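As structure tokens, the structure follows; a few thoughts come after it.
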Amino acid sequence: MTTNVKIHYAFLPHTDAEKSLAFYRDMLGFEVRKDVGYNDLRWITVGPVGQDVSIVLHPPAVDPGVTDAERETILDLMAKGSYGAVTLASDDLDALFDTLVAAGADVVQEPTDQNYGVRDCAFRDPSGNLVRIDQL
């Protein structure tokens, strides 16, 4: 059986909707596809212009079954940068790196040629999620 399966959404938690928008929309140039509020919470869908894959930035640990202790654990992991991650790619890694640095992004790793054949860099978004960027 042959099927056509695509990645449609990936989910990353956010702790501050406006700071997340500043990173993904303003620094990376992603378009905002949806911005949905419920009570004091926001789910924001962003993605690269011209591509049909999206990242949903969501409030962390809001599922009804999550306990307060579990929510605190998740928030602690996010603060340490150990909870969410995404890998992006660019055809000009060094120029994008310079743009993000100039905009004040939190650098984790400068552009590096890795032993396994990839040139990449890494940042943390405003919620602590690791954002790696590979050279295409």
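Quick look at the values:
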item	result
Residues satisfying the stated conditions in segment 107-135, i.e. loosely packed, with under 15 Cβ neighbours inside 10 Å and touching a helix residue (DSSP H, G or I) at 6+ places or on another chain (Cβ under 8 Å)	Val107, Glu110, Arg119, Asp134
Residues located in segment 80-110, provided they are over 15 Å from the mean Cα position of the chain (by Cα), over 13 Å from Leu28 (Cα atoms) and not in a loop (DSSP other than H, G, I, E, B)	Asp94, Gln109, Glu110
Sole residue being touching a Ser or Thr at 6+ places or on another chain (Cβ under 7 Å), of a type outside the set (Val, Ile, Thr) and over 19 Å from Ala17 (Cα atoms), chosen from Leu96, Leu88	Leu96
All strands (runs of 3 or more DSSP E) inside segment 1-79 with 1 or more residues being over 12 Å from the mean Cα position of the chain (by Cα) and free of Cβ contacts under 8 Å to residues at least 12 places away in the same chain	31-38
Some residue of segment 83-106 being closer than 25 Å to Ile7 by Cα, charged (D, E, K, R) and buried (at least 17 other Cβ atoms within 10 Å of the Cβ)	no
Lone qualifier among Val46, Val62, Val36 - being out of contact with any Pro (no Cβ under 8 Å at 6 or more places or on another chain), under 16 Å from Pro13 (Cβ atoms), β-branched (Val, Ile, Thr) and loosely packed, with under 13 Cβ neighbours inside 10 Å	Val36
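Here, each number is a calculation from the coordinates, and none is a lab measurement. Fair warning: this is a prediction, and the values are worked out from it, not measured in the lab. Cβ: placed from backbone, ideal geometry, glycine included. Neighbour counts: every protein chain shown.
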